[in-house]
Amino acid sequence: MYQQKEFIGKPKKLSQKITELDMLNNRKNELNVIFRKPYEDNALGKIPDDQYRLLSDSYTAELHELKAKIPELQNQINEIKTEENNVDRFIALANKYIYIEELTPEILRTFVSKITIHENDKENPGAKYEIDIFLTHIGKFW
């Protein structure tokens with residue numbers, strides 16, 4: 001049966017991911033500002049070269065890490081938003097057919113995008129066939 005729980009926590013998860021993305025972007029901006037100060041201090045002779053390199057390496061490593069995490073997190077946010085939009089589209093379709101008196105081919109095509117029947121297990125010929133039903137916009141149902 002379709003797992004409704006998969007979509008229940010999505011808004012909270014989306015909100016958490018957006019908050020995390022904002023924090024990462026803010027930190028990236030902070031690092032760009034912070035990085036200038038040791039550079040200027042080194043250029044003016046206020047801090048030695050080896051101390052500058054240590055600071056520079058640390059900030060550079062963190063910046064590279066952030067630059068890798070930010071697009072990954074943005075992709076996760078986009079995936080969650082796409083899933084939410086697909087569920088909304090499916091619900092809009094379902095609302096058109098609240099009272100179905102007869103299942104017609106048109107209604108079936110509206111809700112089901114694909115049915116896959118897997119081959120029977122050769123070692124167990126009496127076993128039941130495995131069937132996957134894919135609903136329009138939201139994917140595998142069964």
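Which one is nearest to GLU20 (Cα to Cα), of the residues in segment 62-83 that are surrounded by 14 or more Cβ atoms within 10 Å (Cβ to Cβ) and of a type in the set (Lys, Arg)?
Among residues in segment 62-83 that are surrounded by 14 or more Cβ atoms within 10 Å (Cβ to Cβ) and of a type in the set (Lys, Arg), the one nearest to GLU20 (Cα to Cα) is LYS69.
Is segment 45-52 home to any residue that is among the polar types (S, T, N, Q), farther than 24 Å from LYS12 by Cβ and assigned to a strand (DSSP E or B)?
no
Which count do you get for residues in segment 1-30 that are modelled with pLDDT under 75 and either assigned to a helix (DSSP H, G or I) or open to solvent by less than 90 Å² (accessible area, probe 1.4 Å) (or both)?
Total satisfying the criteria: 8.
Pairs under 6 Å by beta carbon, first residue closer than 23 Å to GLU65 by Cα in segment 26-51, partner open to solvent by less than 70 Å² (accessible area, probe 1.4 Å) and part of a helix (DSSP H, G or I), six or more apart or different chains?
Partner pairs satisfying both residue conditions: LYS28/LEU66; LEU31/TYR59; LEU31/LEU63; PHE35/TYR59; PRO38/TYR52; PRO38/LEU55.
Any residue in segment 68-97 that's farther than 22 Å from THR136 by Cα: show its pairings with residues that are aliphatic (A, V, I, L, M) and assigned to a helix (DSSP H, G or I) at Cβ separation under 8 Å, as long as the two are six or more apart or on different chains.
Between residues of segment 68-97 that are farther than 22 Å from THR136 by Cα and residues that are aliphatic (A, V, I, L, M) and assigned to a helix (DSSP H, G or I), the close pairs are LYS69/LEU24; ILE70/LEU21; ILE70/LEU24; LEU73/LEU21; LEU73/LEU24; GLN74/LEU21.
Only one of these conditions is not met by LEU135: (1) within 28 Å of GLU20 (Cβ to Cβ); (2) at pLDDT below 90. Which number is it?
That leaves (1) as the condition not met.
Please go through segment 84-142 and pick out each residue that is in a loop (DSSP other than H, G, I, E, B), open to solvent by 40 Å² or more (accessible area, probe 1.4 Å) and under 30 Å from PRO11 (Cα atoms).
TYR97, ILE98, TYR99, HIS137, PHE141, TRP142
Out of TYR39, TYR59, I need the residue that is open to solvent by less than 60 Å² (accessible area, probe 1.4 Å) and either among the hydroxyl-bearing types (Ser, Thr, Tyr) or outside any helix (DSSP H, G or I) (or both). Which one?
TYR59
The values are calculated or read from the model by the stated rules, or taken from the named source; none is laboratory data. Because the structure is a prediction, the values reported are computed rather than measured. Methodologically, a virtual Cβ is constructed for each residue, glycine included, from the backbone with ideal geometry; neighbour enumeration extends over all protein chains shown. SASA here: full protein model, heavy atoms, side chains in, ligands and nucleic acids out. Shrake-Rupley method; radii C 1.70, N 1.55, O 1.52, S 1.80 Å.
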